[in-house]
1. Could you tell me whether the stretch 81-102 includes any residue that is modelled with pLDDT under 95 and assigned to a loop (DSSP other than H, G, I, E, B)?
2. Against the conditions (1) closer than 20 Å to Q1 by Cβ; (2) open to solvent by 50 Å² or more (accessible area, probe 1.4 Å); (3) touching a residue at least 12 places away in the same chain (Cβ under 8 Å), where does N78 fall short? Just the number, please.
3. Out of all the residues in the stretch 1-30, which are open to solvent by less than 30 Å² (accessible area, probe 1.4 Å), closer than 16 Å to K113 by Cβ and assigned to a strand (DSSP E or B)?
4. Looking for something among the aliphatic types (A, V, I, L, M) and in a loop (DSSP other than H, G, I, E, B) - is there at least one such residue anywhere in the stretch 54-71?
5. Give the number of residues within the stretch 103-122 that are open to solvent by 40 Å² or more (accessible area, probe 1.4 Å) and in a loop (DSSP other than H, G, I, E, B).
6. Could you please give the count of residues in the stretch 49-70 that are open to solvent by less than 70 Å² (accessible area, probe 1.4 Å) and acidic (D, E)?
7. Are there any pairs with C-beta distances below 9 angstrom linking a residue in the stretch 56-70 that is at pLDDT below 95 to a residue that is open to solvent by 80 Å² or more (accessible area, probe 1.4 Å) and not aliphatic (A, V, I, L, M), with the two at least 6 apart or on different chains, and if so which?
Amino acid sequence: QVQLVESGGGSVQSGGSLRLSCAASVPGYFHGTICMGWFRQPPGKEREGVATIDSFGTTRYADSVKGRFTISRDNAKNTLFLQMNTLNSEDTAMYFCAADLVPYCPGLRNPLKYWGQGTQVTVSS
């Protein structure tokens, strides 16, 4: 079974930065051949896609984070990262790592199959 563990969340002031990490444990056959992404759920709002990266390094970003967030992966370790810069109060949310055993990622509006437990990001003014 695929397991995902997020880390790196916390509290930061507006304008600051955080770097989230997600360690994925997947069947050996699929090592480095999976879609991975980040989703978030702000308080009182529905879950939304943030960014995805496929097996070939192709990325997609939500309009709200373009130019501020960068998604990347280390295929050798099956680890996903999200560098978040110039954070503001609208970025406050529970952030979830997600993955699917497919080489190409679907659109950001489509949820992935496997999910982590989430890590809280709180941005204060």
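1. Looking through the stretch 81-102, at least one residue is modelled with pLDDT under 95 and assigned to a loop (DSSP other than H, G, I, E, B).
2. (2)
3. Of everything in the stretch 1-30, those that are open to solvent by less than 30 Å² (accessible area, probe 1.4 Å), closer than 16 Å to K113 by Cβ and assigned to a strand (DSSP E or B) turn out to be L4, C22, A24.
4. yes
5. 8
6. Qualifying residue count, the stretch 49-70: 1.
7. Close Cβ pairs satisfying both conditions: F56/Y104.
The values are calculated or read from the model by the stated rules, or taken from the named source; none is laboratory data. Please read these numbers as outputs of a predicted model, since none were measured by experiment. Don't worry about glycine lacking a Cβ; one is built from the backbone with ideal geometry, like all the others, and counts go over all protein chains shown. For the accessible areas, the whole protein counts, side chains as well, though only heavy atoms, and no ligand, DNA or RNA atoms are used. Shrake-Rupley method; radii C 1.70, N 1.55, O 1.52, S 1.80 Å.
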